[in-house]
1. Go through (1) at pLDDT 90 or above; (2) small (Gly, Ala, Ser); (3) over 29 Å from residue 250 (Cβ atoms) and name the single condition residue 4 misses.
2. Which residue, of 179, 184, is modelled with pLDDT of 90 or more, surrounded by fewer than 20 Cβ atoms within 10 Å (Cβ to Cβ) and out of contact with any Ser or Thr (no Cβ under 6 Å at 6 or more places or on another chain)?
3. Name, by its number, the condition in (1) within 16 Å of residue 412 (Cβ to Cβ); (2) in contact with a Pro (Cβ under 7 Å, 6 or more places away or on another chain) that does not hold for residue 285.
4. Among 321, 355, which is the only one that is in a loop (DSSP other than H, G, I, E, B) and either under 22 Å from residue 383 (Cα atoms) or modelled with pLDDT under 65 (or both)?
5. Quick one: residue 107 ticks every box in (1) part of a loop (DSSP other than H, G, I, E, B); (2) more than 23 Å from residue 43 (Cβ to Cβ) except a single one, so which number is it?
6. Under 28 Å from residue 219 (Cβ atoms) and part of a helix (DSSP H, G or I): does that describe residue 96?
7. Mind checking whether some residue in region 149-170 is within 18 Å of residue 430 (Cα to Cα), at pLDDT below 95, part of a helix (DSSP H, G or I) and of a type outside the set (Val, Ile, Thr)?
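The values are calculated or read from the model by the stated rules, or taken from the named source; none is laboratory data. Here the structure is a predicted model, which means the values were calculated and not measured. Cβ atoms come from the backbone with ideal geometry, glycine included; neighbour counts cover every protein chain shown.
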Amino acid sequence: MNGSFYLILLGFIIFILSGCSHKPIKIDGATQEEKHLQLIALESSISSLKLQQDWLAYIDYSTELWTNVDSENKLAIEYEIWQTLKNIPDEQRQELLEENPEKIELTDWLEFVYITELYPIEQKQQLKDSLTFNPHAVFNANLSHSLINQLKSSKKPEHVAVLLPFSGNYKQVSLQIRNGIIKNKLQNNPQLTLSFYDSSNTEQIKEIYQKSIENGADFVIGPIQKETLNLLNSPQQMSVDKQAILTLNENPMPNLTFSSRYEGVQITKKLCSENYKNIAILTSNNNSDADLATQIFRQWKQFSGNNATLKVYPEKKANLRKALASVINEQQSNDRKNNLQWLLRINLSFFPRTRQDLDAVVLLGNTKQLAVFQPQFKFFNLTIPTYSSSKLTPTNLQKNKPNMDLKNISFPTYRAVLINNGLISKLEAFGWDSLTIALNQHLFAPNLCLNSGMSGNLSKDGLVYDRQYIWAKYNQDGIIE
């Protein structure tokens, strides 16, 4: 490559990082390697514009990227734009339309988002109308066809194939998911034909998938490994005329997916529904706990007037009394006492006066860690409402043994904890619900949920199925209710 190209590329990258939103530079006559670098720069710019919420430029750059990639990647880009614009609040979308009536690509995309939020029957017809009257829109190249295909039939599958890795690192996970699927069939769908395939060999996933279809499956559940999904989910492999598939992990391609991502949102909504304003979050430094705490903290602070304190304690050798004391400002109370003793030159009878402004506290950690907090609450005379995460769900869903050390703690959990239907683990409940989704797709619609899920209330957002946990509480006797 010559020096002039590097100067052009350097200028382009500086231009991107500056946050400008003009049309991307094209390099005429670029080599394959030069074009690859240009596309990387475009992707970087798109990510930056998404964070800045510069939606006009975001669509402009994304369309430029779409124009310059092969057919395998066009559908993925269409899906990414759609999902991004879906997450813009309704009021903001309306403002964008009113402020930019002349921006055809923006108005087309926002109209498309509106269509995909309609009820299935109306949605299907309007998608077809869009294909007829606006055939050159980016989303009508691939995505509309894919969505229409998902809406084609409300007929229940009669033969479901399940693709799971029954050997290797995922073996125990797969066996539990399989058990949940089988228990659902035996109790609710005895006439259904089930076929199981071992997807442990990632390189053979396309052949395994094709074999399941050839053997009569009209719906596929799985796979679960991300590396397997990347190989399976290409438009050539999963074209619109192929059978439906419900993957069990997040994936970059637009297929039906069952994956829970929103526990932090659910906890935040619960706290908001109680009209709290000042909360404290006390979390272990375990990665999953710390990530969840950060999600709650950031979401909580987005609401006007909300305040939050976030404190972290070590997962191992934790001093939980010290951790709780840091939240309720015990040290400040001790400091006031020491100052008074110094000024008055006498010993004072003293009990820490802790902060009085807290409305609730969120404790994140495992069952053993949180059980130790109860004596600390008693010591400080704290009667504050206490919340936790789904980690307080019993390991065995059917063994709801009393735990007095967790009394009065509210937490999101699986419905199977409260219903005796033979499901033993969270993964069995996940498997049960994957089959429920596969057999009841026609019942899902925007703003509606299916309350027969064993992991929670099941809902659908675009192509993603999610669960909303059931809120439960350890009562005064330490029993979940």
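1. For residue 4, the failing item is (1).
2. Details: 184 fails: surrounded by fewer than 20 Cβ atoms within 10 Å (Cβ to Cβ).
Unique residue meeting the criteria: 179.
3. For residue 285, the exception is condition (1).
4. On the way: 321 fails: in a loop (DSSP other than H, G, I, E, B).
None of the other options fit; the residue is 355.
5. It fails just one condition, (1).
6. Details: under 28 Å from residue 219 (Cβ atoms): no; part of a helix (DSSP H, G or I): yes.
Answer is no for this residue.
7. Scanning region 149-170, I find at least one residue that is within 18 Å of residue 430 (Cα to Cα), at pLDDT below 95, part of a helix (DSSP H, G or I) and of a type outside the set (Val, Ile, Thr), so the answer is yes.
A quick yes/no check of all residues on (1) buried (at least 18 other Cβ atoms within 10 Å of the Cβ); (2) among the acidic types (Asp, Glu); (3) modelled with pLDDT of 85 or more:
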| site | (1), (2), (3) |
| --- | --- |
| 14 | no, no, no |
| 30 | no, no, no |
| 60 | yes, yes, yes |
| 74 | yes, no, yes |
| 77 | yes, no, yes |
